[in-house]
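The values are calculated or read from the model by the stated rules, or taken from the named source; none is laboratory data. Just so you know, these numbers come straight off a predicted model, no measurement behind them. All Cβ positions, glycine included, derive from the backbone under ideal geometry; neighbour counts span all protein chains shown. All accessible areas refer to the heavy atoms of the entire protein, side chains included, with ligands and DNA or RNA removed. Shrake-Rupley method; radii C 1.70, N 1.55, O 1.52, S 1.80 Å.
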Amino acid sequence: MSNALGFLLAILPVLGVLFFLRKLLKTLRAPAINYAFGRKDIEVISLFISNKKYEQAETMLFNFNGDDLTQAIDHVALTLSEKQLKNYCENCNRNALSSLVLGSWYLHNAWKIRGHKVASELSTKQFESYVENLRLSAPLLQAAISESWLSSEAFSRLIRVNMGLGYLDEIEVLYEASIKADPKHLWTYIHYSEAIQPKWGGSVQQV
């Protein structure tokens, strides 16, 4: 009995260190910001995709309303890696939903590269990478338009793509298409209201 107790006392510090290291590794792997903002159902979706449980993830996304779908896709795109989302897209035969998610990753990455700078403040390498990510995003988002339940979301994000590329004539068309598909899609109005500001080539009258 005393031997067992002695062994237990001896191993407790080791177990404590292992527990600490496990928590530390888990923390380091976690994203710096939780873009689900406390929504456990949204957090689960990124876990499903990272564990290649694509059908479960898509079932959950299908049952979200427009605004929740936007938040969920943002969380997934900002939490998972390009490689993980490429695997998702390829394993699902580049279906509309996986294309939308991967396209959103490239869109977010483009704006991460640009930050709050005007285009002239970017280095040549930064500018080329920014444009390349926008161009990778566009066809993937375009592919999602084929599904009616995703079309407003895809049109909304394409407003951001075209704003970044300077294709101002396209923005009005995308805006009209998005609100026709879903007049209550909040982020369509937010993206459009930014795109028509003078900074991006719009006007005070449009705003």
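Amide H neighbours of Q197 under 5 Å, counting only residues 5+ apart in sequence or on other chains, H built in-plane at 1.01 Å? So Q197 has HN proximity to G202.
Cross-link reach is defined here as a Cα-Cα straight distance under 27 Å, omitting same-chain residues fewer than 8 places apart; for K199 the lysines meeting it are K112, K117, K125, K180, K184. Of all aspartates and glutamates in the structure, the ones whose alpha carbon falls short of 17 Å from that of K86, not counting any fewer than 8 places away in one chain, are E55, E58, D74, E132. In the range 35-160, carbon and sulfur make up what percent of the accessible area (probe 1.4 Å)? Reported share for carbon and sulfur atoms: 51 percent. Take N91 and E194, extend 7 Å from each Cα along the Cα→Cβ direction, and tell me the distance between the two endpoints in nm. Those two pseudo-labels are separated by 3.1 nm.
With the simple spin-label model, which puts each label point 7 Å out from Cα in the Cβ direction, the F37 to D68 separation comes to 1.5 nm.
How high is the relative contact order of the range 96-207, given as a whole-number percent (alpha carbon pairs under 8 Å, six or more residues apart)?
Details: 145 pairs, mean separation 25.2, N = 112.
Relative contact order for the range 96-207 comes out at 22 percent.
Let me know the volume per residue of the alpha-carbon convex hull for the range 83-166, in Å³. Mind showing how you got there, number by number?
On the way: hull volume 6.8 nm³, N = 84.
It comes to 81 Å³ per residue, whole-number rounded.
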